[in-house]
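Okay, so here's the structure we're looking at.
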Amino acid sequence: HKYTLELLTGNPKQCIELLRMSRESFVRLCAHFRVNYSLKDSKHVSVEEKMAMFLMIIGHNQRYVVIKRRFQHSKQTIHKYFYEVLDKMMLFAKEMIVPTSFNPNPNIPGHNKRLRWVFKGAVGALDGTLIHVVVPTSKQDLYRGRGKGDCYQNVLANCDFNMIFTFVVAGWEG
């Protein structure tokens, strides 16, 4: 509980580094899950602490033993609340992640009509690429690629068969 309070009252950069979001966003997320997904405080663990444990596990690929030491709870407690938040997060995802438009029979013009048969039932295509970027010297280690040591940023894109982007995420180090 003390560690969660430190995250919420301490240096704002610490919250961004550890939870991958601003303090304000974290507080709003916790409030949203309390109201809309019935995530409740337990006898010894608050919603904020549950969410912080969950975000640190998924945001940094942390093992339960690391979170156990950081939050001073047993591995069973960490496991229990990780999956409790994960279940609520899956409901949240179903609500938030929806295609802008879904057409099971897309109008594929011209020579691309064969794609309809080849990819029958597919919604679109997903691919990632590396984009050359210029970043401040202090962050270059995070973005450094293989080879000559240039800096890159990962970009993941999804498009439908009419070549319209339906989802793009950019911004994580390469």
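The values are calculated or read from the model by the stated rules, or taken from the named source; none is laboratory data. Source: prediction; values computed, not measured. Ideal geometry is used to build each Cβ from the backbone, glycine not excepted, and the neighbour counts take in all protein chains shown. Side chains are part of the model used for accessible areas, which takes the heavy atoms of the whole protein and leaves out ligands, DNA and RNA. Shrake-Rupley method; radii C 1.70, N 1.55, O 1.52, S 1.80 Å.
Are there any helices (runs of 4 or more DSSP H) wholly within segment 30-105 with 1 or more residues that are more than 16 Å from TYR3 (Cβ to Cβ) and open to solvent by 30 Å² or more (accessible area, probe 1.4 Å), and if so which?
47-60, 75-96
Restricting segment 119-174 to residues that are of a type in the set (Lys, Arg) and modelled with pLDDT under 80, which is surrounded by the fewest Cβ atoms within 10 Å (Cβ to Cβ)?
LYS148
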